[in-house]
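Undergrad: First the structure, then my questions, so here it is.
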Amino acid sequence: TDLKLFHGCGRSFIETISAGICRRSYKPGQTIVIQKAIDTGSLFLVTTGKASAMIDGKVVEELSPGGVFGELTLLGLVLLRVATVVAATYCSCLEMPRHKFLEALDKHPEETDHFEQLTRLHASKLATEQGTWRFLSKASERLLYYINLHSTRESTRPREWASRAGVPLSTSEMAYLLVSGEVYVTEENGHRTLMPEGSCFGEHILIGLAPGIASIEPKTACEVQMVSRNVFEKVMAECPDERETTVQGILDEMAIKAEQKLGIQRGHPDLLLCSALFRAANPDFMKLMRPKMYAML
C-alpha cells in the first residue's frame, strides 16, 4: 500500500489492511465526502489529480497526490465529516473503510500503539471543542484512544431517540456523552432533567448498576457518543492499571449528580435524612448512631 499512515506497521498487518483498500475515481467537481454527513467513516489518500477541502463553503486546503483526509472519522473521534472534499481535477483516491481498519486491528492488536500518535494530535482539541467523559478526567491518552476507537456515535433528530436512519437507540445499555445538542432524560422515578451539550449520563451502567432511565428525548438534533459495558470491559482489559481510577471516577460523578439533585453536599449530616430508615428510627437509637454516622460522613 502507498498509505504513509501505515508505514512502520508489520507486513502481516499491511497485507490485511491492503485487502480492504479500494481505488475510487472522480470527475472535476464531483463530491467525495460532504461536511457534517454521516457515512462509512473511510479514510482517503489522493493518488492522482487534486481535490479541495472546504468548510462552510470556503476552501481550507488543496489536496495533491499523497494528501490524506478522513483520519478523524477512521479513528472514531468524530461522527460527522469535518469538511466537504471535492475533486478539483480528474483524480483517483485509495479508500480505506473504517470497518476494514477495525477488523485489521482486531487481527493484529500489536499495531494499536502505532495509531495512538495520530489520535493524540487531535484528541485534546476535540475534547476542548466537544467535551469529554468527565469520569475519564484522569485517564491516560492510551485509555482515551481505546474509548474513542471502540465507542459508537449516532446523530439524532429532535424529539426522536433514534438514528438518522430511524433505528431506535438504547436507553438502558449504554453510557452517553452528548457531543452536541440537548436531551431530556427521564428516570424511572419520574425525575426529568435537561442535559446540555457536553453532559455525560448513564455511566453507572459500566460498573454493573441498574440503568434507571425510563426515556431519552432529544430537545434538538444531537450527536452522541455511546459506550456499552462490553466495550468498557474491552478497554479496561487493555488498560488494567487504570480500572480502579476509572471506577472511582464513575462513583465520584454519581456522587456529584446526587448532590445536585438533593441539594446537599457530600458529607453533610443532612444526608442521613434522605434515608427512610433513619427518618423512621427510634430517637434513642438515633442518639446512639448519629455520632458514629457523622464521623463516617
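Undergrad: Every residue in segment 152-182 that is crowded, with 18+ Cβ neighbours inside 10 Å and closer than 21 Å to Leu77 by Cα, please.
TA: Narrowing segment 152-182 to residues crowded, with 18+ Cβ neighbours inside 10 Å: 153-156, 161, 169, 174-179, 181.
Scanning segment 152-182 gives Arg153, Glu154, Ser155, Thr156, Leu169, Met174, Ala175, Tyr176, Leu177, Leu178, Val179, Gly181.
Undergrad: Could you tell me which of the residues Thr112, Thr40 is at pLDDT below 90, in contact with a His (Cβ under 9 Å, 6 or more places away or on another chain) and surrounded by fewer than 17 Cβ atoms within 10 Å (Cβ to Cβ)? Full working, then the answer.
TA: On the way: Thr112 fails: in contact with a His (Cβ under 9 Å, 6 or more places away or on another chain).
Within the list Thr112, Thr40, the selection yields Thr40.
Undergrad: Select from segment 212-249 the residues that are among the small types (Gly, Ala, Ser), open to solvent by less than 40 Å² (accessible area, probe 1.4 Å) and not in a strand (DSSP E or B) and list them in ascending order. Show your work before the answer.
TA: Kept after step one, since they are among the small types (Gly, Ala, Ser), are these residues of segment 212-249: 212, 214-215, 221, 228, 237, 249.
From what is left, the residues that are open to solvent by less than 40 Å² (accessible area, probe 1.4 Å) are 212, 228, 249.
Within segment 212-249, Gly212, Gly249 qualify.
Undergrad: Of the residues in segment 49-106, how many are among the small types (Gly, Ala, Ser), open to solvent by 40 Å² or more (accessible area, probe 1.4 Å) and touching a Leu at 6+ places or on another chain (Cβ under 9 Å)?
TA: 2
Undergrad: Take the residues of segment 130-143 that are open to solvent by 30 Å² or more (accessible area, probe 1.4 Å), farther than 11 Å from Leu77 by Cβ and assigned to a helix (DSSP H, G or I): which is modelled with the highest pLDDT?
TA: Only one residue tops the list, namely Arg134.
Undergrad: Looking only at residues in segment 189-248 that are under 15 Å from the mean Cα position of the chain (by Cα), among the polar types (S, T, N, Q) and under 28 Å from Thr112 (Cα atoms), which one is modelled with the lowest pLDDT?
TA: Gln225
Undergrad: Out of the residues in segment 197-210 that are in contact with a strand residue (DSSP E or B) (Cβ under 9 Å, 6 or more places away or on another chain) and open to solvent by 20 Å² or more (accessible area, probe 1.4 Å), state the one that is farthest from Ala37 (Cα to Cα). Outline the logic, then answer.
TA: Our first condition is that a residue be in contact with a strand residue (DSSP E or B) (Cβ under 9 Å, 6 or more places away or on another chain); within segment 197-210, this holds for 197-206.
Of the ones still in play, those that are also open to solvent by 20 Å² or more (accessible area, probe 1.4 Å) are 197, 204.
Details: Glu197: 20, His204: 31 Å.
Result: His204.
The values are calculated or read from the model by the stated rules, or taken from the named source; none is laboratory data. Quantities reported herein were computed from a predicted structural model and do not represent experimental measurements. Note that each Cβ is placed from the backbone with ideal geometry, even for glycine, and that neighbours are counted across all protein chains shown. These accessible areas exclude ligands, DNA and RNA; they are computed on the full protein's heavy atoms, side chains included. Shrake-Rupley method; radii C 1.70, N 1.55, O 1.52, S 1.80 Å.
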